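The values are calculated or read from the model by the stated rules, or taken from the named source; none is laboratory data. All of these numbers come straight from a predicted model, not from anything done at the bench. Cβ placement follows ideal geometry from the backbone for every residue including glycine, while neighbour counts extend to all protein chains displayed. What goes into the accessible areas is simple: the full protein's heavy atoms, side chains included, and nothing from ligands, DNA or RNA. Shrake-Rupley method; radii C 1.70, N 1.55, O 1.52, S 1.80 Å.
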Amino acid sequence: MRAGGTVLVRVRYAPSPTGALHIGGARTALFNFLFARHHRGRFVLRVEDTDQTRLVPGSEAAMMAGLKSLGLTWDEGPDVGGDFGPYRQSERLSLYRRYLEQLEAEGKAYRCYCTPEELQAERERQRAQGLPPRYSGRCRHLSATERAARAGRPSVLRLKVPEGGTTVVDDLIRGPVRFEHAVLDDFVLCKTDGTPVYNFAAAVDDHAMAITHVIRGEEHLSNTPKQILVAEALGFALPQYAHVPMILAPDRSKLSKRHGATSVEEYRAQGILPEALVNYLLLLGWSPPDGNELMSLEQAVAAFDLQRVQHTAAIYDQKKLEWMNAQYLRRLSLERVIEALGPFLAAAGVDPGGGPPLAAAVALTRERARTLAELADQLTFFYRAPERYDLEGAAKYFRHPDTAERLEALAERLQPLAAAWTALALGEAFEELAREWGVKRAEIIHPVRLAVTGRTVGPGLFELMEVLGPGACLDRIRRAAQAIRQGVVGR
RNA sequence: GGCCCCAUAGUCUAGAGGCCUAGGACGCCGGACCCUCAUUCCGGAAACAGCGGUUCGAAUCCGCUUGGGGCUACCA
C-alpha cells in the first residue's frame with residue numbers, strides 16, 4: 001500500500017441509498033474526490049445499505065448518476081469493482097459475521113436479550129427522571145446460567161464499552177475531540193436479524209477497504225468514538241478523521257425539501273450547469289488560497305487542502321449559485337452551453353431546426369440569462385413569431401398614432417437591404433429614418449423590438465435582427481403594423 | 001436533559017497576537033455606459049455575539065454567558 005514512500009491515500013464516500021443525491025452529500029463527495037486526486041490517491045464509493053427497510057429502489061443508480069454528472073468519478077465502487085469489494089454492505093455480511101463472532105468469542109461483545117419494548121420503557125423512565133437515556137448494561141452482567149436460560153431467544157450483540165477512560169478523535173479539521181466513555185453506552189453492533197449496525201459496519205469496512213482518511217459530514221463526529229472503539233476492539237489501526245461542516249437552509253435548519261431544491265437532479269432541472277454547482281459547492285466550507293472563486297475541477301484538485309476547510313456550518317444561498325451559473329453560462333464554450341440547453345429548449349417548445357443558427361442566437365442571449373431555463377425562454381422569439389406583445393410595452397411603444405404607418409414605411413425601407421442584412425447596415429438605415437422623421441432613433445427601435453420579439457427587453461435590436469434574418473423580421477414588422485391598424489394591440 | 005462541535009456584514013468567506021482604519025465574493029443601494037434588459041465599470045451602506053481574563057498589544061489565546069447546529073435508535 002505504498003507509493004513513493006508514503007501510504008497511498010484512500011478515501012471513501014459512503015452514502016445510504018435512501019434517496020436522491022443531496023447537495024450536502026455531493027459536497028462531501030466533492031471534498032473526498034478533491035482530496036484523493038490532490039494526493040494521487042484512490043476515491044472509493046461504498047453503498048451503506050445494511051438497513052434494507054430504508055432502501056429506496058433506484059436511488060443507488062440515481063446517486064451514481066448525480067455524482068457522474070458533476071464529474072466526480074470513483075476508482076472503486078459497486079459498478080466498477082476493485083480489489084476491496086464488494087462495495088455494497090449488503091453483500092459483505094459474511095465479513096461482518098466473522099468479526100462479530102470474534103468479538104463475542106473474545107468477550108468484547110455480548111448478547112443482549114432485552115426487547116425493544118423493554119428498552120423503550122427504560123429510556124422513558126430515564127428521561128422522566130431527567131437522566132440521559134442510555135442502555136443500563138443489564139445483559140452485560142448476566143451469569144452463565146442466566147445466559148444459558150435465554151439461549152435461542154432473539155438477541156442483539158452489544159459492544160462492551162470500557163467503564164472508564166476517554167476516546168480522543170484526532171480530527172484533521174477540528175483538532176483533538178475528547179469523549180468520556182462514561183457518557184457512552186454499550187451500543188448495538190448487530191441487530192436481531194443479524195444485520196450489522198452502521199457504527200460497526202463502517203468501522204469494519206474502513207479498515208477492510210484500507211481507508212486512510214475518513215472525510216464526512218459533521219453529523220458523524222459524535223459517532224466517531226463508537227467506531228474507534230469497534231476498531232480498537234478488533235485491533236485495527238485507525239484512519240484519520242476529518243469532519244466537514246454541514247450545509248444548512250437559509251433559516252439555519254437542516255436543508256430539506258421544503259426549502260426548495262436540495263438534490264443535484266433538481267438543480268439540473270432548474271437549469272444550473274454541473275460545472276457551476278460544483279464550483280459553488282466548493283466554496284461552501286472551503287476557500288481558495290488566492291481568493292479566486294471561479295475555478296475548474298482541475299484547479300480545485302491542485303489547490304484543495306483540508307486545512308482550509310471551515311469549521312462553521314454554511315448556509316446555502318441560491319442567489320450566489322445563480323450568479324455562479326451565469327458566470328459559467330458566459331464562459332463555457334458555445335458548444336457546451338448548447339449541449340446543456342437541449343432539454344430546456346424542448347421544454348420551452350422551441351425547435352431550433354428551421355430558424356437561425358443556435359450558436360448565433362445563444363451568443364447574443366447568454367449573458368442575459370442566469371439559468372438554462374431562462375436562456376431557453378429568451379431564445380424563443382428566434383424560432384417562433386411572437387403570439388402576443390408585452391402588454392405594458394404595447395401601451396408604451398404602439399400608442400403613437402403613426403406607429404403602424406412608420407412600421408410599414410420601415411419595412412419598405414429595409415426590404416432592399418435583404419441581400420446585405422447586417423447589424424451595421426440596419427443601424428444606418430434606422431439612423432437615416434430617424435433623421436427624416438425628425439425623431440430619436442430610440443423611438444423607432446423600441447416599437448420594432450416589440451414587433452419583432454414581442455418583448456421590451458433583450459439583445460441589441462440590430463444584432464438580433466441580423467441573426468433572425470430579413471424574412472422573419474420584415475414579416476413580423478408588417479404583422480405588427482396590421483395588428484395595430486386592426487386595433488388588436490396598442491392605443 | 002446529557003455529551004460534542006461552532007460563532008467575522010443578510011449570505012459565502014480572508015484573517016493562525018501588532019501588517020486590521022477588519023480584505024474579497026454574492027446580494028442590496030447609487031452612478032456611468034446604452035436602443036431596452038443584461039453585461040461591464042465606478043462608488044456606497046453593511047460584521048469581529050456579549051462579558052471577563054492573559055498580554056505592552058487581541059477578530060486572533062483562555063474562561064464564562066448567550067446563540068446556532070449535531071449526536072443521544074436493533075437509521076445512516
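One residue stands out among those in the range A:385-409 that are open to solvent by less than 100 Å² (accessible area, probe 1.4 Å) and of a type in the set (A, V, I, L, M): the one that is farthest from A:V488 (Cα to Cα), which is A:A409.
Considering the range A:107-132 alone, what residues qualify as being more than 10 Å from RNA strand B (Cβ to nearest atom) and over 20 Å from A:V156 (Cα atoms)? Within the range A:107-132, A:E124, A:R125, A:A128 meet the criteria. Considering only the range A:289-306, state which residues are near RNA strand B (Cβ under 8 Å from one of its atoms) and touching a residue at least 12 places away in the same chain (Cβ under 8 Å). Within the range A:289-306, A:P289, A:E293 qualify.
Find the residue count for the range A:453-471, including only residues that are at negative phi, more than 13 Å from RNA strand B (Cβ to nearest atom) and within 41 Å of the chain's Cα centre (by Cα). Here the count works out to 1. Tally the residues that are of a type in the set (D, E, K, R) and open to solvent by 30 Å² or more (accessible area, probe 1.4 Å), restricting the search to the range A:203-221. Of the residues in that region, 2 qualify. Determine whether A:G152 is within 37 Å of the chain's Cα centre (by Cα), of a type outside the set (F, W, Y) and on the phi > 0 side of the Ramachandran plot. Spelling it out, it is not the case that A:G152 is within 37 Å of the chain's Cα centre (by Cα), of a type outside the set (F, W, Y) and on the phi > 0 side of the Ramachandran plot.
Pairs are defined by a Cβ separation below 8 Å, a sequence spacing of at least 6 or placement on different chains, a first member in the range A:145-164 that is under 12 Å from A:C190 (Cα atoms), and a second member that is of a type in the set (G, A, S); the pairs so defined are A:L157/A:A109; A:R158/A:A109; A:L159/A:A109; A:L159/A:A233. Residue under question is A:A269, and the condition is that it be touching a residue at least 12 places away in the same chain (Cβ under 8 Å), in a helix (DSSP H, G or I) and surrounded by 13 or more Cβ atoms within 10 Å (Cβ to Cβ); does it hold? No; evaluated as a whole, the condition is false for this residue.
Pairs please, first residue from the range A:272-288 and open to solvent by 10 Å² or more (accessible area, probe 1.4 Å), second anywhere and among the aromatic types (F, W, Y) and within 8 Å of RNA strand B (Cβ to nearest atom), Cβ atoms under 8 Å, 6+ apart in sequence or on different chains. What qualifies is A:L284/A:Y316. Here A:A14 meets each of (1) in contact with a strand residue (DSSP E or B) (Cβ under 8 Å, 6 or more places away or on another chain); (2) more than 15 Å from RNA strand B (Cβ to nearest atom); (3) in contact (Cβ under 8 Å) with a residue 40 or more places away in the chain with one exception, condition (2).
The criterion of at least 3 residues that are in the same structural domain as A:E219 (by TED's automatic domain parsing) and open to solvent by 50 Å² or more (accessible area, probe 1.4 Å) is met by the following helices (runs of 4 or more DSSP H) wholly inside the range A:1-113: A:93-105. From the list A:T167, A:T224, the lone residue that is among the hydroxyl-bearing types (S, T, Y), more than 18 Å from A:D49 (Cα to Cα), modelled with pLDDT of 95 or more and in contact with a helix residue (DSSP H, G or I) (Cβ under 6 Å, 6 or more places away or on another chain) is A:T167. Taken together, the residues in the range A:225-260 that are free of Cβ contacts under 8 Å to residues at least 12 places away in the same chain, in a loop (DSSP other than H, G, I, E, B) and either within 21 Å of A:A14 (Cβ to Cβ) or away from RNA strand B (no atom under 13 Å from the Cβ) (or both) amount to 2.
Listed here are the residues, each with its yes/no results for (1) within 15 Å of RNA strand B (Cβ to nearest atom); (2) assigned to a helix (DSSP H, G or I); (3) closer than 17 Å to A:L273 by Cα.
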residue: A:T312; (1), (2), (3): yes, no, no
residue: A:K319; (1), (2), (3): yes, yes, yes
residue: A:R330; (1), (2), (3): yes, yes, yes
residue: A:G349; (1), (2), (3): no, no, no
residue: A:A359; (1), (2), (3): no, yes, no
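Given the structure, is A:R413 more than 30 Å from A:L248 (Cβ to Cβ), among the basic types (K, R) and touching a residue at least 40 places away in the same chain (Cβ under 8 Å)? Spelling it out, it is not the case that A:R413 is more than 30 Å from A:L248 (Cβ to Cβ), among the basic types (K, R) and touching a residue at least 40 places away in the same chain (Cβ under 8 Å). On inspection, A:T195 does not qualify as farther than 27 Å from A:V47 by Cα and surrounded by 13 or more Cβ atoms within 10 Å (Cβ to Cβ).
The set of residues in the range A:361-399 that are part of a loop (DSSP other than H, G, I, E, B) and under 27 Å from A:E443 (Cα atoms) comprises A:A369, A:R384, A:A385, A:P386, A:E387, A:R388, A:Y389, A:D390, A:F398, A:R399. Would the range A:136-156 turn up any residue that is of a type in the set (K, R), near RNA strand B (Cβ under 8 Å from one of its atoms) and open to solvent by 50 Å² or more (accessible area, probe 1.4 Å)? No; the residues of the range A:136-156 include none that is of a type in the set (K, R), near RNA strand B (Cβ under 8 Å from one of its atoms) and open to solvent by 50 Å² or more (accessible area, probe 1.4 Å). Considering the range A:410-491, the qualifying helices (runs of 4 or more DSSP H), each wholly inside and each with 3 or more residues that are outside the structural domain of A:V362 (by TED's automatic domain parsing) and buried (at least 20 other Cβ atoms within 10 Å of the Cβ), run over A:441-453, A:461-468, A:470-485.
If you go through the range A:169-200 and keep only what is more than 7 Å from RNA strand B (Cβ to nearest atom), under 29 Å from the mean Cα position of the chain (by Cα) and within 30 Å of A:P154 (Cβ to Cβ), you end up with just A:F200.
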